[in-house]
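Written out below as structure tokens is the structure these notes cover.
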Amino acid sequence: MSPNWIELDGLVNLRDVGGIGTVDGDKIKTGRLLRSDNLQSLSDSDIIGLLRLGLTDVIDLRSTLEVTSEGPGPLTARDEVRIHHHSMFREGEPDVTEDHPDGEVEAAPSEALPWIDLEPSVRIDDRSASFYLSYLVDRPDSVLAALRDIAEAPGAALVHCAAGKDRTGTIVALALSVAGADRSEIIADYAASTERIEEIVNRLKQSPTYAENLRGRPLSSHHTLPETMQGVLDYLDREHGGVLPYLRSIGWTDADTERLRAKLLAD
């Protein structure tokens, strides 16, 4: 299916994942899960538009440094919207259990920002996929919390990071997998951000938070290639038996699965 783009003045990578098909012939319902780039530049009319879409919860996957550097976004002043912050980067000492299947997690350096050339905690042939898998190892607490916030949102949940493609793409792919979405459509949804990549990068270059780290990087280095998400899902299949067994290994429950599926699939 074609991406369900939503056009607003202050966002360039906003879409609704509704309409994605599942393996049993159902579809993800519209108005349940949105994904986007960061929300710092929303206009008043953008906010009205998002509220009309039923937005009640924002899941912000940026690091504490990003949130502090960028300052409060416009939605933080709206009582109708709950903001949930769950960094996907190592920051200080993350909450990792001793029996975590992938072992101990190293603390992050102070510059917890995207596009800094740190070594990933997981290494496979696709470097981008290595970083995505590292989110799962480094911040299982944030993975669980983000997915539960999606499931428990009374209205539309919007997941975002800086560009709305890497951290956001990883969490959305996990949510869609739990809901039983067809794998080819999960991958296509991830890859769709490449359609807007020039606009995404140009927007981020306007922010002092990101401009320096983006300088000198070719545009192609930001593409969301289908083989990257395929690599992530294949790794979870190979090493953990799939997305659900991986999630169960870090504390996800059958009740969590029921809630998330009800959120994304129930009429």
- Query: Going by the structure shown, is residue 23 surrounded by fewer than 16 Cβ atoms within 10 Å (Cβ to Cβ) and modelled with pLDDT of 95 or more?
  - Reply: yes
- Given the conditions (1) in a helix (DSSP H, G or I); (2) more than 16 Å from residue 143 (Cβ to Cβ), report the number of the one that residue 256 does not fulfil. (2)
- Message: Please pick out the residue among 127, 148, 183 that is charged (D, E, K, R) and either over 19 Å from residue 257 (Cα atoms) or crowded, with 24+ Cβ neighbours inside 10 Å (or both).
- Response: 127
- Residues (among the charged types (D, E, K, R) and at pLDDT 95 or above) located in region 79-94: 79, 80, 82
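Please find, among 61, 53, 14, the residue that is touching a residue at least 24 places away in the same chain (Cβ under 8 Å) and touching a Cys at 6+ places or on another chain (Cβ under 9 Å). Explain how you work it out, then say what you get.
Working: 53 fails: touching a Cys at 6+ places or on another chain (Cβ under 9 Å); 14 fails: touching a Cys at 6+ places or on another chain (Cβ under 9 Å).
After applying the criteria, what remains is 61.
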- Look through region 205-230, keep the residues that are in a helix (DSSP H, G or I) and touching a residue at least 60 places away in the same chain (Cβ under 8 Å), and return whichever of them is farthest from residue 72 (Cα to Cα). 227
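Mind listing whichever residues of region 162-204 are among the basic types (Lys, Arg) and outside any loop (DSSP other than H, G, I, E, B)?
As a first pass, look at region 162-204 and keep what is among the basic types (Lys, Arg): 165, 167, 183, 196, 203.
Matches in region 162-204: 167, 183, 196, 203.
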- Does region 158-171 contain at least one residue that is within 21 Å of residue 257 (Cα to Cα), of a type in the set (Ser, Thr, Tyr) and crowded, with 24+ Cβ neighbours inside 10 Å? yes
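Quick check on region 26-48: of everything there that is more than 20 Å from residue 168 (Cβ to Cβ) and touching a helix residue (DSSP H, G or I) at 6+ places or on another chain (Cβ under 9 Å), which residue is surrounded by the fewest Cβ atoms within 10 Å (Cβ to Cβ)? Reasoning before the result, please.
If we filter region 26-48 for residues that are more than 20 Å from residue 168 (Cβ to Cβ), which is where we start, we get 26-27, 43-45, 48.
Retained after the next criterion (residues that are touching a helix residue (DSSP H, G or I) at 6+ places or on another chain (Cβ under 9 Å)): 26-27, 43-44.
Numbers: 26: 16, 27: 16, 43: 13, 44: 10.
Across region 26-48, the extreme among qualifying residues is 44.
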- Query: Of the numbered conditions (1) surrounded by 23 or more Cβ atoms within 10 Å (Cβ to Cβ); (2) charged (D, E, K, R); (3) in contact with a strand residue (DSSP E or B) (Cβ under 7 Å, 6 or more places away or on another chain), residue 62 satisfies every one except a single condition; which is it?
  - Reply: (3)
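The values are calculated or read from the model by the stated rules, or taken from the named source; none is laboratory data. Predicted, not measured: the structure shown is a model, and the values here were computed from it. Reconstructed Cβ throughout: ideal geometry from the backbone, glycine too, with neighbour counts over all protein chains shown.
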